[in-house]
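Q: A single structure is presented below for examination.
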Amino acid sequence: MKSEIKIILALFCASAALLLLHSFAMNRSLLIDLDGDLPISALDDRSVGGTSIATTYMEKGRRILECDLTTTYQYPFCELNIQLANLNQEEPVIGVDFANFERVGLWLTYTAPTDAGIRLHMRNFNPEYSTLADENSMKYNSLEWFRAQGSTQPIWIPLDSLQVSTWWLSENKISLKNGGPEFTNIATLEISTGTMVSDGAYRLEVEKIEFQGKLISKEQLYLILVSMWMIFAFLRLSHSVVKHKKSAIFFKFREQELTTINHLLDSKSRALQDQVGRDVLTGILNRQGLQAILFDEGGTISRAKGLSIAFIDIDHFKQVNDTYGHMIGDDVLKEFARLIEENIRNSTEIVARWGGEEFILACPNSNLKEVEMLAEKIRVLVASHVWPLDIALTCSIGVAQLTEESIESFIQRADVALYAAKNQGRNRVVSSNK
């Protein structure tokens, strides 16, 4: 008995030590060599009919991108392209796995004629949707930020703030399960001029690019801890069964003990799954959490009972971030999610943050007309709600009802209806015609 107590104490100490080590140590970093063997090039819009001219070179230990940008092309750009994988047609594409990295630091100086933004692209190659014959098929994990001019060293960007560009998803007809960010096989890094640019000279000086993360992820750490306790529980139970196999009372007691352990492990597993499927900012389901419900054949949503959704997008949300800052923008997103949750009709309806300022309201047992009325109610509530700093806010909503079709097609129809609402002037509800 004393030896068991010692083992349990040792396991508790080991668990606490691993958690502390993961919090304050177990760090790793990766520096991108800007003057080594990696192929680094300057790209511009001349390849698509533009007239901008970009060049790159090393100067005093810094990678320089100089750009004479002209707006003759609809989407003018200059770009610093860092190739991390061999893109030879005859070899498999083996890039860098950034899945366990948490953030990237950019030591750079940016000079532009206007307050133009900077874009960061981390291009992921996945054979399910990428081919070397089409360079554009590599996924755009992207972020654009403004107020970037002058010395901004370093800029730390959390990798979970990067999103997949909507135009890329639409253009490549990406399935729902492949719609989220991916960092497991990054083939190229790209730093480019932003979307709001004007004619003139642009200069980007990059001193260092550093990725930071942990040697193991939180999920892997939790799996190690659970495995340690499971092995101990298994060995302890096995020893007891061998020692007391002739005692019926013992078997009953150990059965209860095993049931308790399984409940504890199941609770930890559900807690981990809930953490992965929840949006950190708003606390509601995220895209992955909603996907798990929609794709789960044993889930709470059934085709036989009917399902309709409302695809909701906050109008001109980028202006809120640009005018009041991202902290106020985050407060607006949290308040927006709370407002929708408080005005759904029953507990079976599900609210999820799809990405950025987009939300999905899934309504089982509902027809199109019922969800149209609910969407109109939400639209009016949003327009009349008192938002932080008295910001005037509206939303556009696309509504669709599930028919004999795939979930991807169903959500795509709602998305098309949402864009129709935006094209018709925003602050309105539009239903899919199908």
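The values are calculated or read from the model by the stated rules, or taken from the named source; none is laboratory data. Computed from a predicted structure; not experimentally measured. Every residue, glycine as well, gets a Cβ built from its backbone with ideal geometry; the counts of neighbours run over all protein chains shown. When the accessible area is computed, the model is the full protein with side chains, heavy atoms only, and any ligands, DNA or RNA have been set aside. Shrake-Rupley method; radii C 1.70, N 1.55, O 1.52, S 1.80 Å.
Q: Is the shape of segment 162-215 rounded, prolate or oblate, going by the alpha carbon gyration tensor and its root eigenvalues a ≥ b ≥ c, with a/c under 1.5 for rounded and a/b larger than b/c for prolate? Don't skip to the end; give the middle numbers.
A: Working: a/c = 3.29, a/b = 1.24, b/c = 2.66.
Verdict is oblate for segment 162-215.
Q: Taking 0.36 nm per residue of separation and subtracting the Cα-Cα distance, what length does fully extending VAL241 through ASN433 add? Could you put the intermediate results ahead of the total?
A: Numbers: separation 192, 0.36 × 192 = 69.12 nm, distance 6.47 nm.
The VAL241-ASN433 span can extend by a further 62.6 nm.
Q: Show that you can apply the helix-only estimate: for the chain, add -39,500 (n - 2.57) for every DSSP H stretch of four or more residues, divide by all residues, and state [θ] at 222 nm to the nearest 500. Walk me through the numbers before you get to the answer.
A: On the way: 9 runs with 152 residues, N = 434.
Result for the chain: -11500 deg cm²/dmol, rounded to the nearest 500.
Q: A follow-up question, please. Quick check: at a probe of 1.4 Å, how many percent of the accessible area of segment 1-101 sits on carbon and sulfur atoms?
A: On the way: 3640 of 6260 Å².
Summing carbon and sulfur atoms, their accessible area is 58 percent of the total for segment 1-101.
Q: Students sometimes get this wrong: rank LEU290, LEU389, LEU87 by accessible area, probe 1.4 Å, all chains present, largest first. Don't jump to the answer; show the numbers that get you there.
A: Numbers: LEU290 0, LEU389 110, LEU87 50 Å².
Descending order: LEU389, LEU87, LEU290.
Q: Another question, if that's okay. Scanning the chain for GluC sites (Glu not before Pro) in DSSP loops with at most 16 other Cβ atoms within 10 Å, what's the longest stretch left with none?
A: Details: sites that count: GLU90, GLU128, GLU297, GLU404, GLU405.
Of all site-free stretches, the longest is 129-296.
Q: Quick one: plug the Kirkwood hydrodynamic radius of the chain (C-alpha pairs) into Stokes-Einstein at 10 °C, 1.306 mPa s, and report D in µm²/s. Numbers along the way, then the final one.
A: Details: Rh = 25.2 Å.
Taking Rh from Cα pairs, D becomes 63 µm²/s.
Q: What does DSSP give for the chain in terms of the percent of beta bridges that are antiparallel, rounded to the nearest 5? Could you put the intermediate results ahead of the total?
A: Values: 84 of 88 bridges.
Expressed as a percentage, antiparallel bridges in the chain total about 95.
Q: On a 0 to 90 degree scale, rounded to 10, what angle separates helix 2-24 from the longest Cα axis of the chain?
A: The angle comes out at about 10 degrees.
Q: So, one more: Quick one: accessible surface of HIS239, probe radius 1.4 Å, all protein chains present, in square angstrom to the nearest 10.
A: Rounded to the nearest 10, the figure is 110 Å².
Q: Here is a follow-up. Given a 1.4 Å probe and heavy atoms of the protein chains only, how would you sort TYR57, TYR110, largest accessible area at the top? Don't jump to the answer; show the numbers that get you there.
A: Working: TYR57 75, TYR110 10 Å².
Ranked list, largest accessible area first: TYR57, TYR110.
Q: Computing the accessible area with a 1.4 Å probe over protein heavy atoms, can you report the carbon and sulfur percentage for segment 206-246?
A: Values: 1780 of 2630 Å².
Carbon plus sulfur share of accessible area: 68 percent.
Q: Largest first, what is the accessible-area ranking of LYS60, LYS245, LYS214 with a 1.4 Å probe?
A: Largest accessible area first, the residues go LYS60, LYS245, LYS214.
Q: Keeping all protein chains in place, calculate the accessible area per residue for the chain (probe 1.4 angstrom), answer in Å².
A: Details: 23130 Å² over 434 residues.
I get 53 Å² per residue for this part.
Q: Also, I was wondering about something else. Report relative contact order for the chain in percent, whole number only (criteria: Cα-Cα under 8 Å, sequence separation at least 6).
A: Numbers: 759 pairs, mean separation 59.4, N = 434.
Reported relative contact order: 14 percent.
Q: Using a 1.4 angstrom probe and counting only protein chains, how large is the accessible area of ILE397 in Å², to 10?
A: 0
Q: Moving to a separate point now. Give me the distance between the Cα centres of segment 342-417 and segment 1-66, rounded to whole Å.
A: Answer, in whole Å: 38.
Q: Follow-up question, since we're still on this one. For each pair in LYS2/LYS246; LYS2/LYS243; LYS318/LYS422, compute the distance between the two Cα atoms and list the pairs where it is over 21 Å. Each step should come with its number before you reach the end.
A: Working: LYS2/LYS246 24 Å; LYS2/LYS243 17 Å; LYS318/LYS422 15 Å.
Going by Cα-Cα distance, LYS2/LYS246 fall outside the 21 Å limit.
Q: Setting aside same-chain residues fewer than 8 positions from LYS334, which aspartates and glutamates have a Cα under 13 Å from its Cα?
A: ASP279, GLU342, GLU357, GLU358
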